[in-house]
Each structure stands twice: as structure tokens, then as C-alpha cells.
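Data first, discussion second: the structure below is written as C-alpha cells.
The values are calculated or read from the model by the stated rules, or taken from the named source; none is laboratory data. All values reported here derive from a predicted model rather than from experimental measurement. Glycine also receives a Cβ, built like all others from the backbone with ideal geometry; neighbour counts cover every protein chain displayed. Heavy atoms of the whole protein, side chains included, go into the accessibility calculation; ligands, DNA and RNA do not. Shrake-Rupley method; radii C 1.70, N 1.55, O 1.52, S 1.80 Å.
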Amino acid sequence: MSAVKPEDVSSAERDWTQYYTPDDPYEIGREEIREFARSMKDAHPVHWDEAAAAELGHPGLMAPVTFTARLAGSGLNWLLDEVLLEYDTSAFVQTDQVFTQHRPMHAGDRLGLTMGLRPIRQKAGGDTIVVEGLLINQAGEVVQSLVTTAAGRRGAHAEPALAAALSDVMMGDFLPPATRSWSEVEGVPAPPIAPWDVPVAASVPAFEDVSVGDDLPSRVVTLRRGDLVNYAGISADHNPIHWSDRVVSVVGLETVAAHGMLTMGIGGSFLSGWLGDPAAIRDYRVRFTGIAYVADDAPAEVEYTGRVKELDAATRTATIALGANFRGKRIFGRATATVQLR
């Protein structure tokens, strides 16, 4: 018997977080890391070259910090299909994403995912849905935690024109065999945090050489339709607003929109480029407030900027305020990262 029935999941009476976990772990593949790094336009050798990764103390290729969006996305899709039945996925909008990295993730890691669906709160005529996640390695330790926030509306259904467009463009004639089943978890999971077992590289700026107010060198990234299609495949985010002109015309968008998680992932690459070591990123969070549109006849350009906002001498960390701009307008609202300095 389900502890939280789909019809009760948004009840105001629910004041606890319901946790779920699959019975089949996710194994990170070496080539998968390379393809994900390619989608981020991230050439750091720790994602590509095993010898280079080993020189920095890694047992294999290191996954980019936002890599687990793929695994978390599959969990969110399961929630939408099995638990959040009152919500139409076409009316979902992701608003915030947080990744906290407790230990670098590597090729060969087998990760379990525990998802927690927090109480749903009504706000401004819609609902705020918050899903937290714990990624747990084969030793039973948390290697990354994340929080995804989305806005949705109960009882919303796709309009006939949109439903027809989705039916025509989405892959719908094949359902792969189920490889995992999900079950509820009683209480609040509290697995231990994995120890940080990789030192930061010598390329990371020294704490004494960084000052509040320092600007990071800006970077302009070009996005084309092919980048969006590639990311849709590697991330398992197949929402057609990122690749179908017909769907975006029905929903009233200017043209197809870059994935928010793609722009966030490239922001992580921007950060690691300044740091010289992706493992130095300990916490990364973004509020999505704008859209980068990608036409089929002209690329989009997104400019990434950063500034040192705070320094913590006790932990030798810095808080970086990040910016991402498209056509002179911000697509990130509040975006920050905590990074380890030498």
C-alpha cells in the first residue's frame, strides 16, 4: 500500500517528505562521461584522458558536476508518471537547481538514487514542487546531493493542438523493458557523507591570490540546434521545446529554447576553466529566469561572467557569483558556486 497516494500527494495535510529509491543502481560509463563533457563544450582532460585524471589523483575519468542531471531526470520522470499524476508534464517549468558535490564521481561508480518529494506548496496560482536527491555510491556513502525546484499546476492538461503536436513528434511506438522498480523509503534516509579523497590540483588559484571583487575572464559560448539535440540525447531530457519548431509554435515561444540544464552545465565548465580543476567545485546553484533561443539559421551566443563574492579563510573557499546573458538579458537569476582554493 502506498504511503502517499497520487491523489493525496499535493494535499495540504502532508507535512513530511516522502522518499523513494530504485532497486537497480546506475553505473557511470567512461564514454558517457566523454559524451557529456562534449555536450558541455568542456575540454578539461580529467573528463577525457585517464592518464591525466590519474595524475590529479582520480581512479578514472571524472564526471562533470552536473552529470547526474541525467540520473535525477530519470527519477523525476518516474515521479511524474507514477506519483505526480495530477500534473501535466507539458506545463512543468524548472525554476531552480542545486548540486552539492561531496566527492568526485568517476567512471565505474555505481550510484543509487534516493529521491525525496517535499510537501507541495501553492504559490501565485500554481504549485511549487521540490524534489531532493541523494546519490549514494557502492559503499553506501553520499557523493552528491541535489535539489530541483519546478512550478506546475494541478489539473492542467495539454491543449488539443499541443497534444496532437506531441503525439506526432515524440517517440511513442516503443516502450523499453523496465530495468528498475521503485519503492518507498520509510523515515528520513541519513547515509554518511563520502570523504573527499582527491586533493585539488596545483592549477587551482591560491587563497591568498584571490580577492573579493575579482572578475573571472568572461567566456562566450555558441549554441546551435545540433548542440540542443545532442544534449537532449545524452541527458535524457527529450522535451520537444528544445528541438521541435512545431511544438514551440503551438506553445507560443519565439523558437526552440536551450535546456536550462545545458546552460547551467556549460556554466560549470566555465568555472572549472578558471579553477583549472573541476573537482574544486563543491556547490553550484542556479535560478533560471530567462531563455536562450536557438534559431535554425543562426547560432545563439551566451556570455558567461563571474565575480568573487565572498572568501572564507577557515575553509579556504570562495563564493563565486555567476552571470549568463543572452542578447544582453540574464538567463540566470541568482547563480552562485562555492569553490575550493589552495
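Computed values, structure above
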read-out: Candidate set: the range 165-178, residues that are closer than 18 Å to R246 by Cβ and more than 26 Å from the chain's Cα centre (by Cα); chosen: the one most open to solvent (accessible area, probe 1.4 Å); value: D168
read-out: Positions within the range 183-195 being open to solvent by less than 70 Å² (accessible area, probe 1.4 Å), in a loop (DSSP other than H, G, I, E, B) and closer than 20 Å to Q138 by Cα, in sequence order; value: P189, P191, A194
read-out: Elements of type strands (runs of 3 or more DSSP E) in the range 281-342, at least 3 residues being over 20 Å from Q101 (Cβ atoms) and touching a strand residue (DSSP E or B) at 6+ places or on another chain (Cβ under 7 Å); value: 300-312, 317-326
read-out: Options E27, E13; residue that is exposed (fewer than 15 other Cβ atoms within 10 Å of the Cβ) and in contact with a strand residue (DSSP E or B) (Cβ under 9 Å, 6 or more places away or on another chain); value: E27
read-out: Enumeration of residues in the range 218-234 that are open to solvent by less than 10 Å² (accessible area, probe 1.4 Å) and within 20 Å of F92 (Cα to Cα); value: L228, Y231, A232
read-out: Residues (of a type in the set (G, A, S), touching a Phe, Trp or Tyr at 6+ places or on another chain (Cβ under 8 Å) and either loosely packed, with under 15 Cβ neighbours inside 10 Å or farther than 18 Å from R327 by Cβ (or both)) located in the range 266-316; value: G268, G306, A313
read-out: Enumerated strands (runs of 3 or more DSSP E) restricted to the range 66-164, each holding at least 1 residues that are open to solvent by 10 Å² or more (accessible area, probe 1.4 Å) and basic (K, R); value: 110-117, 121-123
read-out: Positions within the range 240-256 being buried (at least 21 other Cβ atoms within 10 Å of the Cβ), within 21 Å of G333 (Cα to Cα) and aliphatic (A, V, I, L, M), in sequence order; value: V256
